[in-house]
Structure formats: structure tokens, C-alpha cells
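Each remark here refers to the structure printed beneath this line.
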Amino acid sequence: MTATTETTVPGAVEPVRSTGSDPAYFYCSGVQSYYGESYIVQDVSFQVREGEVLALLGRNGAGKTSTLRTIARMDDPQLVSGEIWLDHKPLHNMADWQAAQFGVGLVPEDRRIIQGLTVEENLKRAQIEEPIGWSLDRIYGHVPRLAERRKQEAVTMSGGEQQMLAVARALARDIKLLLLDEPYEGLAPVIVQEIEKIVAEIKGLGITTIIVEQNAVAALELADRALILDTGQIVFSGTAKEVLDNTELRHEYLAI
């Protein structure tokens, strides 16, 4: 099967600069980033509309996590060229803490729960200032399991509960863009269902989301659109349904 590039897939949205009348809320244009001397993300361009959920898929080593970290303006990998815009602001000119203040919420695969702090202290630490939309009470309303554990030391919770906290901690910043890196990794199926429910609620609230997940079917069932990366380049862009319906595409690039 011949790989399809983002600009030639039927129905794909061309990456263009966002303007006041443009539907794009977030977009990357010609983004390249690298570790050391190795380019990991190569000339990646795509856009996401406000409130849309995008599944970023590919085999291990395809560059998915590196793309998320580049968007979040982490030091590693380093952005060498290209532009990243969110809500008409240039993320590519920001440091990671500036991007976080502006509303980029990255939930990394390792969760990064702070040892020695309770659930509530972890949430408060994430809040840069008094939130406008996401008070602790609102977070607990969407994730009641955390309300039950609010005084418990966070690292003593189960893996699934820590993942719930990692997502909630991102929400505590009043985010504009939620980046989820392998949210279901290593969790029991019953816990995955709980995390899926939380992510579905977030989608229902209209929060723009990019999800990286090896469980491609689960991600696609939640997403509106999908991108597939292969060796750091986009080889497919289209609707989530197109990927679910295309057995050959899923076999070649996702091994499912």
C-alpha cells in the first residue's frame, strides 16, 4: 500500500495559518525537532479545530510522544524549525512554563505525581493562580474518586487513580489544549473504562485534545480525526472513522 500524505488524503484539512475567520484553533506548520543530532519530528503540519479530539497514532518510535513534547515546548526534543500556534498565539516562541500558563496541559506517560504531597496538594501545586473555570470542587465533581482520596498521599494510590490525578492536574490550569500521552498504558481494563469516561466528559466540555495511545481503537472511538505518523512524518490524515474502516491502513501502520 502506498503511504498517503496529509495533503493528498481525500477530505483532509490543509494546514493553514489561523486567522479570525479561520476554523483552526491549534496548528503546527513545518515543525521539525530533534534529540541530539537525530531528527525525530520531520516537517509535521496539521491543525485541530476548537473542541475537536485528534488521535495521534503510529507504531512505537514513530515520533508521537516527541510531537506532543514539542507542542508543549519541552526542552527535549528541541524545536529546530516551524511554527506552533494556539488560539492565535505563537507557542513556538514560548518556554514550557509559558505554554503551561497559556493553557497547554501535557499529561505525560509517567504521570509525574509529586511525592510527599496529597492529592489536593498536587492539584493546588498545578494551579498557577486561582482558576477561572476549574476550581477544585469542579474537578472533584468530574472525578469523584479524587474527592474521596483528597487527603491521601498521591503516590500511594493505584496506577489508575494516579492517572486520574494527572489528567485532573492538567485541567486545574484552565487549559486550552489537553495533550494525553498513553493515558491507558499499563492499566486494567476496568480502570481503562473509567479513564475513558473521564476523557469522554472532557470532550463533551469542548476542550481541544490530542491523544497519543497504543490502544488505537480506543483512541479512534473517542476521536473526531486521526493522524498517523511513521518515522516522524505524517503518512495519513483524515477522520477517525476512515482509519477504523480501513483494514489495510491499520495493518500497515498500526499493526491492528
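The values are calculated or read from the model by the stated rules, or taken from the named source; none is laboratory data. If you're wondering where the values come from, they're calculated on a predicted model, not measured in any experiment. In this analysis, Cβ positions are derived from the backbone assuming ideal geometry, glycine residues included, and neighbour counts consider all displayed protein chains.
Quick look at the numbers
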quantity	calculated
Number of the condition not met by Val217 [criteria: (1) in contact with a strand residue (DSSP E or B) (Cβ under 7 Å, 6 or more places away or on another chain); (2) among the aliphatic types (A, V, I, L, M); (3) assigned to a helix (DSSP H, G or I)]	(1)
In region 154-173, residue modelled with the highest pLDDT [restricted to those that are buried (at least 19 other Cβ atoms within 10 Å of the Cβ) and assigned to a loop (DSSP other than H, G, I, E, B)]	Ala172
Residues located in region 46-75, provided they are modelled with pLDDT of 90 or more and more than 16 Å from the chain's Cα centre (by Cα)	Arg59, Asn60, Gly61
Candidates Gly105, Gly36 - the one that is within 21 Å of Glu185 (Cβ to Cβ) and at pLDDT below 95	Gly105
Some residue of region 228-243 being under 13 Å from the mean Cα position of the chain (by Cα) and either of a type in the set (Asp, Glu) or in the same structural domain as Ser66 (by TED's automatic domain parsing) (or both)	no
Test result for Ser18, of a type in the set (Gly, Ala, Ser), more than 15 Å from Ile207 (Cα to Cα), at pLDDT below 90 and in contact with a His (Cβ under 9 Å, 6 or more places away or on another chain)	yes
Residue tally, condition more than 14 Å from Thr208 (Cα to Cα) and crowded, with 23+ Cβ neighbours inside 10 Å, over region 70-89	2
Every pair of residues 6+ apart whose Cβ atoms lie under 6 Å, when the first sits in region 189-209 and is of a type in the set (Lys, Arg) while the second is surrounded by 19 or more Cβ atoms within 10 Å (Cβ to Cβ)	Lys203/Val53
